[in-house]
């Protein structure tokens, strides 16, 4: 069973558009004023009816009823306008404080003083909204994993007291993850360690047209034994590349022949260069990508952690980073489109600790979320909500939503391949013996 309701937002703690709230409040205030004008017209009509003795009784009664309806409409419109304006004030402060925090984490000393000053001025101008904003920001770390915690509690309920221990331990683990902040990678963060040689074996695959939708990207993420897929598009001015990276292939493996293993997972999460990352760089180089080559990077799970680091660390010009169920979200450069898909009942993206408090990447970057598998069962230990098939369904729902915020992604995809057919190569990577 799955839930087809998706949430699409620009990222961060705020999922509303303050400009739209203020515009709606303005429309409602205008409506309230129009109701007041109509009320005056009704009063005038009532006075006229009072002079017409033969219809005065019924006419006045009708006029009074209309006046009462108009009054209620005016009151409701004015009340909604006040509520929307107050909400806009709160979210404006939240946005400014989130942006200032993001600038501080990115060591953006140029923007930080301006943002901090604007946040302070907004708090001084709207003290009541500042109090509500503080409550919202304080509550965010505790509510962002509500779905996952709720499903965990339902799943282990039959275990009685043991189940309570499991829920408590799970909640503590998520709190610790949030405190450590490992899942939110700053723009200036770089992988520690030195590159390691990887063996990458290329396998030619059938040519393919350029992907045009988010679902098309999801469908091309490697399944089965494949680890990496690279598409090369011949374009004037330099070839372009799309790299698709699978998730962990050996969940319990530790520095064996398979580089997409648990060891690489932990290294990437800790900010250390992994053999899986080196394998993907090697595959791109084998496919013809060099320093400055434009790359669109797509990754699932550990693959998402790898593509995020490609956007931050690699010599390639990563113009877009699309991740499905990644354990990290990076503050990618402002010229790279960042699209994050995560399921609120998937424990892997919960390691992002809620992601960044402000949106990241280029304008048009998005966070897309849904509950993939409502309810909680012990069988959820198989991580169905984390499967690439579940994320493909989410991508399909996003494409079909008609949400205009996907326009930037669709436009980039339309222009990236330029109508060319890709030379496709899949890769099997191995650690040296």
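The values are calculated or read from the model by the stated rules, or taken from the named source; none is laboratory data. The shown structure was predicted, so the numbers you read here are calculated from the model rather than taken from an experiment. Cβ atoms come from the backbone with ideal geometry, glycine included; neighbour counts cover every protein chain shown.
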Of everything in the stretch 247-266, what is surrounded by fewer than 24 Cβ atoms within 10 Å (Cβ to Cβ), at negative phi and in contact (Cβ under 8 Å) with a residue 40 or more places away in the chain? Give them in sequence order.
248, 256, 257, 258, 265
Test set (1) farther than 23 Å from residue 319 by Cβ; (2) in a strand (DSSP E or B) - residue 242 fails condition number
(1)
Residue 393 assigned by TED's automatic domain parsing to the domain that holds residue 304, within 21 Å of residue 245 (Cα to Cα) and either at pLDDT below 95 or assigned to a helix (DSSP H, G or I) (or both)
yes
Of 80, 69, 96, which residue is under 24 Å from the mean Cα position of the chain (by Cα) and either in the same structural domain as residue 35 (by TED's automatic domain parsing) or closer than 25 Å to residue 26 by Cα (or both)?
96
Top-ranked residue of the stretch 361-386 - restricted to ones that are in a loop (DSSP other than H, G, I, E, B) and at pLDDT below 85, ranked as surrounded by the most Cβ atoms within 10 Å (Cβ to Cβ):
373
Taking residue 204 as meeting all but one of (1) touching a residue at least 24 places away in the same chain (Cβ under 8 Å); (2) within 16 Å of residue 416 (Cα to Cα), write down the number of the exception.
(2)
Test for residue 398: is it more than 21 Å from residue 277 (Cβ to Cβ), at pLDDT below 95 and assigned by TED's automatic domain parsing to the domain that holds residue 188
no
I need every pair where a residue in the stretch 366-385 that is under 19 Å from residue 7 (Cβ atoms) and outside the structural domain of residue 336 (by TED's automatic domain parsing) has its Cβ under 6 Å from the Cβ of a residue that is modelled with pLDDT under 65 and part of a strand (DSSP E or B), sequence separation at least 6 or different chains.
none
Please work out which one of (1) in contact with a helix residue (DSSP H, G or I) (Cβ under 8 Å, 6 or more places away or on another chain); (2) touching a residue at least 60 places away in the same chain (Cβ under 8 Å) is the condition residue 287 fails and give its number.
(1)
Failed item in (1) at pLDDT below 80; (2) crowded, with 19+ Cβ neighbours inside 10 Å, with residue 80 passing the rest
(2)
Selected residue (criterion: nearest to the chain's Cα centre (by Cα)) from residues of the stretch 407-433 that are part of a loop (DSSP other than H, G, I, E, B) and within 27 Å of residue 253 (Cβ to Cβ):
431
Taking the stated definitions as given, is residue 219 surrounded by fewer than 20 Cβ atoms within 10 Å (Cβ to Cβ) and not in a loop (DSSP other than H, G, I, E, B)?
yes
